[in-house]
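This report refers to the structure that appears directly beneath it.
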Amino acid sequence: VACTRQACGNGYIWHTTGSGKTLTSFKASTLLKDNPDIEKCLFVVDRKDLDRQTREEFNRFQEGCVEENTNTASLVRRLLSDDHADKVIVCTIQKLGLALDENSRRNNQQRKDGKKSFKEQLEPLRDKRIAFIFDECHRSQFGENHKAIKEFFPRAQLFGFTGTPIFEKNAAQQKIEDTQASMKTTEDLFQQRLHTYTITHAIEDGNVLRFHVDYFKPQGKTLPKPGEPLSKKAVIEAIFAKHDSATGERRFNALLATSSINDAIEYYNLFKTMQAEKQAADANFQPLNIACVYSPPAEGNADVKQLQEDLPQESSEYELQKGEDGENKKKENEAKKKALIAILDDYNAHYGTNHKIGEFDLYYQDVQKRIKDQQWPDADLKKAYPNQPHHKIDITIVVDMLLTGFDSKFLNTLYVDKNLKYHGLIQAFSRTNRVLNATKPYGNILDFRQQQDAVDAAIALFSGEAAAEKAREIWLVDKAPVVIQKLETAFQKLDTFMKSQGLDCAPEEVPNLKGDAARAAFIEHFKEVQRLKTQLDQYTDLTDENRKAIEQILPRDNLLGFRGAYLETAQRLRAQQSKGADKPTQEADQLDFEFVLFASAVIDYDYIMGLIARYSEATPGKQNMSRQELIGLIQSDAKFMDEREDIAAYINTLKAGEGLSEKAIRDGYTRFKVEKNAAELADIADRHGLAIDALQGFVDTILQRMIFDGEALTDLMEPLGLNWKARRVKELDLMTDLMPLLLKRAGGREISGLSAYEQ
């Protein structure tokens, strides 16, 4: 903004990927709206980046600034408009390029129709002062349009935002002045750097995550040289072994970056074969949902050609290279297209879709949507899309696509079987490090190419002012032994605290803590233990020695016991927080329970019903899990906080070896809950002298409408023949007993009007 005020040329802003660069750059454009010296401010994005979500974000900043599916004519109309609302315009670099290209199809059509070309219409703006802000100034389209913009708008000021600037060291393009050749850098295009916010700053500020990089070392052979590929079968076996821990038991998903389209095809087919073999050999094997996405041959399709502008590997594979045979290239491209059609057919069968290669962009959008759908519970997706057999993607195999610009907080892992360097490496790694919550402590990179030197070089180049060694400490997580030591220290602090309360450090002693201050202190101590344990759970390079050390500090049974005690204590303190009348203590009021740390991605309702069925089917004495272990597992998971007592009580009614199927278990649990609920309601009706049918109808109506009706409560009390004062006392007594039952059955949903009766 200062630069435009002082009219001091162009400039670029280095804001790291994931730090809110797009919204920062857009906000900068809106601040220029009130500068009288600026005729127009164009905020220029790539078409691929202007998706529905981005449009909504922009329109929240400035209503109506981004129109959907606008054409070039509309852009030109807004550029020529004197309306103050049209002073800041969001446009795509593609439409801007079409307007300024005298020979574009649209300009030719304008002349054919006897109208001025778009470029001719824009002549009145030629000598005006226009500010251009480029959201990502190193898209390939920018390079092509840069010259056209400078020539047509000589007084324009150009500002570029980039997450990964081009320096001489990582430049690919050359510029030639006289006989001297040098690399084309960000500074060449924009003259000066105006502000810097590197990944080092963003990690220190907590705006993006650090990285855990595991340089995979195959067993029983000499370490491969940097960049040397392993066999694809070995890579897939390693992924099978590590994927669940890397992704927090499939809470998150992953990308597999491959070095060519043929490699991507080979990986896809090999995954398919190896998963089928594993399923045949082991009925309990849970196959991964594998997708694969690469661009098809353009074959004159303008949309695909545009897509390939920022896919250097894919576009070069389809182009005829010097010395190549044209006929052979045609056959190779046809084979890649045929393989992609087969991949789409598999995808359609797996997800219940109907994508065609002729509408590739719709398939690409669907893949991105499903990667982002990782955020939703399976049960919600099944309810929303009941006709789709599957919903999520565990691993997406890619070549260039998705490795730049794509954001999903629930993507945490990148498998790398591709040589990466400098900005390409940083961009690819940065797909994994969006901040979510405590269940995602860092971005996980599993590198199968031994690229430690390339990682170090990228850190050194993009760390900004920080020294390379210092930057490494900031960018990369601690080694496992360091975190294990932290876990031991955290557990020792918990042990010291429990002993200071006159108790042994054991889960069964936690209910004996006296007072909210002690309970709150336990919550803080054990939450830190669980946070460190969650970090270690996602390390893909733990040795047997590391695992033994973790188990020694915190045996599994002890961990589950403490988790159950934590949830029980947290539930008690949370209930106090939500009370209106009796103010909670300061300690309880300020707690953040972070229940997400205590909810397993694996253990859901279906999983528990399956476990109970297996317990019921097993012969006594031969179960994999005892009754108490099963109850302990349920009580250690935050998802079952409101239902844990019911499930535990139901398990206690079952006999090992009873031989019930999973359906019988589900039906039995449903009946158990109905009977238990009916008994609870009958007890309340009896205590308050009400007819059970009338009370049941009253409760059912509330839960159906999710609205509390005071008049219905008055009608319910009518048969008791009380005066208004006695009836009011009776109503309050009844609601004190009914409140816990209504809240439990509402399952976290709000019942409108009920808050008047909350104590």
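Nothing in this text is a laboratory measurement; each read-out follows from the coordinates by a stated rule. Keep in mind it's a predicted model, so treat the numbers as computed, not measured. We place every Cβ from the backbone using ideal geometry, glycine too, and count neighbours over all the protein chains shown.
Quick check on my link table: of Lys232/Lys409; Lys233/Lys418; Lys233/Lys372, which ones sit more than 21 Å apart, alpha carbon to alpha carbon?
Lys232/Lys409; Lys233/Lys372, as the Cα separations exceed 21 Å there.
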(request) Taking every pair of Cα atoms in segment 324-447, average 1/r, invert it to obtain the Kirkwood radius, and report Rg/Rh to two decimals. (result) 1.02
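Mind sorting Thr670, Thr439 by how few other Cβ atoms lie within 10 Å of their own Cβ, fewest first? Each step should come with its number before you reach the end.
Values: Thr670 11, Thr439 21.
Ascending number of Cβ neighbours within 10 Å: Thr670, Thr439.
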(request) Kindly put Phe672, Phe429, Phe708 in sequence by how many other C-beta atoms sit within 10 Å of each C-beta, fewest to most. (result) Phe672, Phe708, Phe429
(request) Grab the Cα-Cα distance for Glu545 and Asp686, subtract it from 0.36 nm times how many residues apart they are, and report the gain in nm with one decimal. (result) 44.7 nm
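Among the listed pairs Lys21/Lys150; Lys33/Lys119; Lys184/Lys330; Lys217/Lys470; Lys21/Lys486, which are separated by more than 29 Å between their Cα atoms?
Lys184/Lys330; Lys21/Lys486
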(message) Taking just the alpha carbons, could you work out the radius of gyration and Dmax for segment 666-757, both in angstroms?
(response) 13.5, 47
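Hey, any idea what the orientation-averaged projected area of the convex hull of segment 222-352's Cα atoms comes to, in nm²?
Hull-based average projected area comes out at 11.3 nm².
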(request) Would you work out the relative contact order for the chain, in percent, from Cα pairs under 8 angstrom that are 6 or more residues apart? (result) 11 percent
(request) Compute the FRET efficiency between Ala384 and Gln191 as 1/(1 + (r/R0)^6), taking r as their Cβ-Cβ distance and R0 = 45 Å, and round to the nearest 0.05. (result) 0.35
(message) Quick check on the exposure proxy: order Lys493, Lys242 from fewest to most C-beta atoms within 10 angstrom.
(response) Lys493, Lys242
(request) Give the share of C-alpha pairs in each 20 angstrom bin for the chain, from 0 to the last occupied bin, in whole percents, shortest bins first. (result) 13, 39, 33, 14, 1, 0
(request) Would you kindly state how much longer the chain becomes between Gln552 and Thr714 on full extension, computed as 0.36 nm times their sequence separation minus their alpha carbon distance, in nm to one decimal? (result) 52.2 nm
(message) Rounding to the nearest 10 and keeping the result within 0 to 90°, find how far the Cα-based axis of helix 724-746 lies from the longest principal axis of the chain.
(response) 60 degrees
